[in-house]
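The values are calculated or read from the model by the stated rules, or taken from the named source; none is laboratory data. Keep in mind that this is a model prediction, so the values were computed, not measured. Note that each Cβ is placed from the backbone with ideal geometry, even for glycine, and that neighbours are counted across all protein chains shown. The protein model used for the area step is the full one, side chains on, heavy atoms only, and it has no ligands, DNA or RNA in it. Shrake-Rupley method; radii C 1.70, N 1.55, O 1.52, S 1.80 Å.
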Amino acid sequence: MFEEKVRAVLGARALLDDNDPRIVRKWEELVVLLSQDESLTLNFIQVCTKTELSFLSEIFEEVAYNLQSKKYIELLYYLDQRYPDLNLKRSVQIAEEYMD
C-alpha cells in the first residue's frame with residue numbers, strides 16, 4: 001500500500017514538466033508520505049528504481065529534516081555510490097546538513 005501510494009505520486013510527478021508549478025504539490029505529497037514511517041521509507045528507497053530515485057532526490061532534504069535519521073542518510077550515500085551517474089552526492093550532503 002505504501003509503495004503504491006509513493007509510486008502513484010512519483011508517476012504523476014514524472015508526467016509534469018520541470019517548470020510546471022504543480023510540481024510543488026507533488027513534492028509536498030512525497031515529503032508527507034516519506035516522513036511518516038522511517039522503516040517504510042528506507043525499505044522503499046532500497047527497492048526503488050533508478051528513475052524513481054532521481055525524482056526522490058528533489059526532496060531528500062525535506063525528508064531528512066523530518067525523519068532525523070542517520071540510517072536514511074547512510075542509505076542515500078550508499079545509493080550515490082551505487083548510481084554515480086545520478087550525481088546525488090550534493091543532494092545527500094545538503095540532506096545531511098538538514099539534520100544538524
**Request:** Express the accessible area of the chain per residue in Å², computed with a 1.4 Å probe while the remaining protein chains stay in the model.
**Result:** 60
**Message:** Give me the percent of accessible area attributable to carbon and sulfur for segment 1-98, probe 1.4 angstrom.
**Reply:** 50
**Asked** Taking only DSSP H segments of four or more residues, each worth -39500 (n - 2.57), what value at 222 nm results for the chain once the sum is divided by all its residues, to the nearest 500 deg cm²/dmol?
**Response** -22000 deg cm²/dmol
**Accessible heavy-atom area order of Lys5, Lys26, Lys70, highest first, probe of 1.4 Å** = Lys70, Lys5, Lys26
**Complete:** With x for Gly and Pro, the residue-by-residue ³J(HN,Hα) of segment 38-48, computed from phi through the Karplus equation 6.51 cos²θ - 1.76 cosθ + 1.60 at θ = phi - 60° and given in whole Hz, is 4, 4, 4, 5, 4, 4, 5, 4, 5, 10, 6
**Whole-Hz ³J(HN,Hα) from phi, Karplus 6.51 cos²θ - 1.76 cosθ + 1.60, for segment 70-84, glycine and proline x** = 5, 4, 4, 5, 4, 5, 5, 5, 4, 5, 4, 6, 5, 10, x
**Request:** Extending each Cα 7 Å along its Cβ direction at Tyr77 and Met1, get the distance between those two points in nm, one decimal.
**Result:** 3.5
